[in-house]
Structure formats: structure tokens, C-alpha cells
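Remarks on the structure that follows.
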Amino acid sequence: MLGGAVVLVLVLDPWLARSYGFVLSTLATLGLLLFTRPWGEAVGSRLPRRLAPLGPALAVPVAAQAMTAPVIVLLQGSVSVVGVVANLLAAPLVPVATVAGVSASVVSLVWARGAELVAWVGVVPTAGIARVARVFAGVPGGTLPWPDGPPGALLLAALVALVLLTGRALVARVGRHPIIAFGVVALAGALLVPTRVVTGPPPGWRVVMCDVGQGDAVVVRSAPGHAVLVDTGPDPPLVDGCLDRLGVQTIDAVVLTHFHADHVDGLAGVFGGREVRQLLVCPVREPADAAAGVDRLARAHGVPVTPLHAGDRITLGELDAVVWSPWRRIGEGSVPNNASVVLAVRTGDVDALLLGDVEREAAHDLLLRLRRDPAMSVAAHGFELVKTPHHGSANLDEELMAAVRAPVGVISVGADNDYGHPTAKHLALLRRLGYAVYRTDQRGDVALVEDGEGVRVVTSR
């Protein structure tokens with residue numbers, strides 16, 4: 001029946017053969033058909049009699065993940081270790097959302113307003129599914145790095161097949177030798193789980209580039225338990241989780257370098273259980289709808305909003321920062337990107353330059369002002385870290401990157417993003433200039449730590 005359905009659908013729409021969604025749905029259904037009953041019965045037979053009906057419920061997410069994992073690797077280059085639990089929690093919500101959606105589609109053929117009312121029935125379970133996904137996406141150590149592309153998919157498919165063929169024998173052997181099995185699992189965990197997931201944030205951290213996917217969120221220490229946050233990334237739970245890991249209870253200021261979604265859409269997550277004292281924002285309010293959304297959120301929490309301009313100084317506790325840009329509105333290129341607030345930050349004895357998303361035009365304008373301003377020229381030779389512009393874009397000014405070169409360059413970028421970031425040109429330039437390059441998609445949170453031995457880099461992966 002599944003094979004017939006696939007053939008019929010592809011006859012009607014052959015382009016679905018290129019759709020990841022269609023492939024994942026087909027494989028997940030195949031997994032349910034092949035494995036749910038035998039695995040469910042096997043699990044149920046080992047549970048107390050009253051809990052035996054839970055066997056199939058537990059088997060469903062395991063079967064689906066086993067079949068879809070090799071294709072998911074093609075999409076994200078990692079393997080989820082919490083996906084089964086997330087799917088188990090979301091599973092009871094799926095039938096309600098599905099029935100509501102199908103019913104709304106049918107009703108829409110005869111009564112559009114009625115279809116809207118039926119569709120609202122699916123809002124609560126759909127929102128619940130999205131919430132589960134967001135929470136588990138932010139679980140520290142929730143995914144393991146894996147080779148991407150076809151080699152990674154073939155390797156994982158072979159591993160899944162090996163486990164399916166030998167799983168019963170492995171379980172029997174574990175039962176006979178539990179101590180040896182525990183030792184193997186403990187050793188594997190020590191090798192695979194990032195150390196910082198267990199030990200927490202590094203003591204003495206000064207500047208942390210949070211891993212928030214394709215976006216920026218930089219935490220700069222201003223006092224114990226206090227920080228200034230530069231941008232918030234695209235996803236509230238991710239920036240919220242990073243601030244929690246660092247033990248930040250008070251945000252002395254949130255600096256929004258510009259109003260693109262990958263820098264401001266996570267703002268709601270900053271307010272979760274924390275005091276936020278002020279918002280300092282880009283003076284160029286483009287895109288206008290995003291800027292208006294920031295204003296609404298600030299009003300809702302009673303937080304004042306103040307625009308920043310080149311030359312402004314921010315002094316908060318242990319932090320001292322000077323705004324290097326924007327000096328003027330630049331009409332060439334992307335106006336919002338070129339209006340990015342550029343900060344030269346000092347916290348403790350650590351100096352960092354945060355370049356936002358400036359493109360070639362704004363970067364060259366900044367270079368010219370740096371050459372004319374003695375204070376900026378002196379500061380340019382003292383940075384320990386440079387957050388490179390625009391997630392590793394090729395649209396940058398090479399002379400500026402040479403003028404502000406630092407021992408460490410950090411690229412805040414999302415894995416397998418649609419923009420091809422970071423580009424080969426960007427990476428080659430940084431290496432040629434002598435930067436040690438750290439990428440958040442590969443290394444997770446990247447922290448600059450100050451201790452008795454000097455300044456060092458600590459990463460969560």
C-alpha cells in the first residue's frame with residue numbers, strides 16, 4: 001500500500017521526488033509499518049502489565065528516527081540524541097493537529113469562514129509541537145556532530161542497519177556483562193559529550209560568542225552575574241539558554257547592531273527571568289517592521305530605547321565600549337547591514353572588536369576614519385578578538401581586516417545555512433592575516449577567558 005501511494009503521488013507530482021519532506025515522510029511511514037508492532041510488543045513484554053500498552057508508543061519515535069536519520073544528516077550534519085524523547089512528547093499532539101488540518105481543508109471547499117474556525121482547533125497542538133521542538137533544539141549536547149553530505153548519510157545508514165541486525169544479540173550480551181557494558185557507555189560518553197555540558201561555563205569568561213545558529217549573540221561581562229548583550233540571534237530559546245549557561249541574571253544593556261531578524265528576533269528570550277535595564281539600538285530603523293517590533297517589546301517590559309552613533313561611549317561596571325560606526329547612512333549595498341553598530345569593547349584586560357554585519361562600503365568607510373583618528377588607530381593594534389563581519393560573507397574589506405587583525409577571529413554562523421557562510425574567501429583571508437579562526441557552527445559557544453595565566457579561548461565543543 002505504501003509503495004502504491006508513493007507511485008501514485010509521484011505520477012501526479014514528479015517534483016516531489018526532490019523534496020526532503022516527502023522522502024522523510026515516506027521513510028518514517030515505512031519505519032512505522034516495519035518495526036512498530038514487533039518493537040512495541042518486545043518493549044511491552046518487558047514492562048509491568050499495566051504499562052505494557054506503552055510499548056507501541058515508545059516504539060513509534062524510535063522506528064521513525066531509525067529510518068529517517070540518514071536523510072536528516074544531509075540537512076543538518078548532526079545526529080540528535082534527544083529526538084526520540086522530543087517525538088515521544090509531541091506524538092499525542094500530532095493526531096489532533098492533523099485531523100484539524102485535514103478537516104479545515106475539506107470544509108474550505110464549501111465554507112471558507114467555517115474552515116478558519118476548524119483550523120483554530122489545531123492551533124493549540126501545533127503550538128505545543130513547535131514549543132517541544134524549540135526546547136529540545138536548545139538542549140546542551142542534544143546533537144552530536146556527524147560528517148555531512150552523502151558520505152555521512154551512507155555511514156549513518158550502515159550504522160543503523162548494523163544496529164538493527166545485531167541489536168538483539170547486543171542487548172543479550174549487555175545482560176550477561178552489565179559492568180563491561182556500563183564501562184563502554186561511560187567511555188563513549190566521556191569522548192563524545194562536550195566537557196562544558198558537564199562543567200558549565202568557564203570561570204573568568206569575559207566575552208562569549210553564543211552558538212545561536214545563523215545569527216549573532218555576543219555576551220560581554222560587565223560584573224559578576226551582569227553582562228551587556230550585543231544582538232540576540234534569531235531564536236529566543238537559544239539566546240536564553242546561553243545566558244542561563246553563563247549565569248547572567250542582569251542585562252545592563254542590550255545592543256542591537258541592526259534590525260535584521262538574525263540579530264533581533266531572539267530578543268523575547270532575553271527577558272526570561274532577567275532584569276533588562278536598557279536597549280541601545282542602531283539609528284537606521286530598517287527594516288521598519290522589525291524596528292517597530294523591538295519598540296513594542298521594549299514598551300511591554302518598560303525598557304528605554306536609545307539610538308547609538310559613532311563616538312558614543314558605554315561604561316557599565318567592568319565594561320567600557322566605544323561606538324566606531326555608523327558615522328553616516330550609507331545607501332550602497334545593504335542599508336541595514338552597513339548601518340551596523342560596530343563596538344570596540346574592553347572588559348577587564350580583554351579587548352574585542354564586534355563588526356556586526358558591515359559590508360564592504362561601511363567597512364572601507366570605517367577604515368578611512370581609523371586612519372584619521374589616532375585613538376582608533378592605537379586601539380586597532382590591541383584587540384585579542386575580532387568578531388568577523390556578516391557571518392563569514394565574502395563581501396568585506398580586506399584592508400580593514402588587516403588593520404584590526406587579532407590573535408582570534410570568531411565567525412558566528414549557523415550550520416548548513418542557505419547563504420554559503422562562511423565563504424572560502426573569508427576563511428582564506430583570515431588565515432592569511434594570521435587569525436586563529438573559530439566558528440560557532442563547529443565549536444559551539446566560543447569564550448575568551450581571562451585567568452592568572454593570561455587570556456585563552458574555551459569552546460563548548
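Rule-based calculations on the coordinates, nothing more; no lab input. Since this is a predicted model, take the numbers as computed values, not measurements. A quick note on method: Cβ atoms are made from the backbone with ideal geometry, for glycine too, and the neighbour counts reach across all protein chains shown.
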Counting helices only, and only those DSSP H runs with n ≥ 4, report the 222 nm mean residue ellipticity of the chain as the sum of -39,500 (n - 2.57) divided by its residues, in deg cm²/dmol to the nearest 500.
-> -15500 deg cm²/dmol
So, relative contact order of segment 2-192 in percent, Cα under 8 Å, 6 or more apart, is 19 percent
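Decide, for segment 197-459, between rounded, prolate and oblate: order the square roots of the alpha carbon gyration tensor eigenvalues as a ≥ b ≥ c, take rounded if a/c falls under 1.5, and otherwise choose prolate if a/b is larger than b/c, else oblate.
Rounded is the answer for segment 197-459, as its axis ratio a/c remains below 1.5.
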Based on the mean of other Cβ atoms within 10 Å per residue, sort peptides 400-409, 8-17, 313-322 so the most packed one is first.
-> 400-409, 313-322, 8-17
Relative contact order (percent) for the chain, with alpha-carbon contacts under 8 angstrom and 6 or more residues of separation?
-> 10 percent
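What percent do you get for the relative contact order of segment 196-303 when only Cα pairs under 8 Å and 6+ apart count?
22 percent
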For the chain, list the cysteines whose Cβ sits under 4.7 Å from no other cysteine Cβ?
-> CYS282
Considering only the chain, percent of DSSP beta bridges that pair antiparallel, nearest 5 = 60 percent
Scan around LEU280 for amide H atoms under 5 Å from its own, H built in the peptide plane at 1.01 Å from N, and keep only partners 5 or more places away or cross-chain.
-> VAL254, VAL255, LEU256, THR306
Just how far, in whole angstrom, is segment 50-129 from segment 411-461 if you go by their alpha carbon centroids?
-> 36 Å
Note the per residue figure in Å³ for the convex hull of the C-alpha positions in segment 2-192.
-> 164 Å³
Mean Kyte hydropathy of 0.0 or more with a Cα span along the axis of at least 30 Å, helices from DSSP in the chain | 20-45, 54-76, 149-176
Taking 1 over the mean of 1/r across every pair of different Cα atoms in the chain, what Kirkwood radius in Å do you get?
-> 24.8 Å
